[in-house]
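For reference, the structure discussed in these notes is given below.
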Amino acid sequence: MKIASLSGSSRESVGKKDAEALREQHRVPGVLYGNGTQHHFHVAELELSRLVINPDVFRVNLDIDGTTYDCIFQDVQFHPVTDRVVHFDMLALAADRPVRVELPLRTTGAAPGVIAGGRLELQFRRVPVRGLPNDLPEFVSIDISGLEIGDNARVRDMKVENCEVLMNDSALVAAVKRTRAAMSAAAASEDE
C-alpha cells in the first residue's frame, strides 16, 4: 500500500461554527478514531485533496501537533455542489488488528475477445478487502487474458495474498461483451 504524509493541528473547539470558520480558511476538519480516544484536528484542504481525489489508496502518516499516527481514510464527505472536501474520518492502524479497505481493481493481460472486437466491462472500480495493515496490497488484480467474447471473470478468479475479499465468490467482476462492430464483422464474414 502506498504511504503518504499529512500534517494537521488539533481543534480547540468542536462544533458547526468552528468547522465553518476552518473551511473559510481552506482547512478541513477531521476526526481520528481507533486508538481508544477521538482526536479532532484540521488539515490544509489542498494537501488533503491530493490524497482523497486519487484512484490509489494510501496509508497515511498523520502528524498532529508533533505526534505521528499510522492511519487510513475511513470516510470522506464532499460538498454536494462544489465537490470540496468538508469533513473526513481516519482510522488508526494496529499491526495485529485487521482492517477493511476498498482497493482499486486493475486488470492484467490482454483479452482475446477485446482484440476480436469485443468490449471489456468492469463491474467494480474498487473491491472491499479485509486484512492486516502490513499485508494489504496497493491494488487487486484480475487476469483477463483468457476471456473471449461472452466470457466473464468472477470474484473467485481473483487472488489476494493474506487478505479476504468481502464479496460473494460468484459476483461478476469483468465481462467481454459483443459490440455492434463485432456483430457486423461476423455477419460480413458469413456473407462471403
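All of the numbers you see were taken from the coordinates with simple rules; none came from a lab. All of these numbers come straight from a predicted model, not from anything done at the bench. Every residue, glycine among them, receives a Cβ derived from its backbone with ideal geometry; neighbour counts consider all protein chains shown.
Before moving on, here are some points about what is shown:
- Euclidean distance of C-alpha centroids, the stretch 51-96 and the stretch 159-176, integer Å: 25
- Among 126-134, 64-72, the peptide with the highest mean count of other Cβ atoms within 10 Å heads the list, and the full ranking is 126-134, 64-72.
- Under 5 Å from the amide H of T179 lie the amide H atoms of R119, each residue being 5 or more positions distant or on a separate chain, with H modelled from the backbone and absent for Pro and chain starts.
- Gyration tensor (alpha-carbon) shape descriptor, the stretch 2-93, a/c threshold 1.5: oblate
- Computed from Cα positions, the angle between helix 180-191 and the longest principal axis of the chain comes to roughly 10 degrees.
- Normalising the Debye intensity of the chain to I(0), with uniform scatterers on Cα atoms only, and taking log10 at q = 0.08, 0.11, 0.17, 0.18 Å⁻¹ returns -0.39, -0.64, -1.06, -1.13.
- Environment charge of L105, counting only residues whose C-beta is closer than 9 Å and scoring Lys/Arg +1, Asp/Glu -1: +3
- Residues listed by number, the stretch 74-109, amide nitrogen under 18 Å from D157 label point at 7 Å toward C-beta: 105-109
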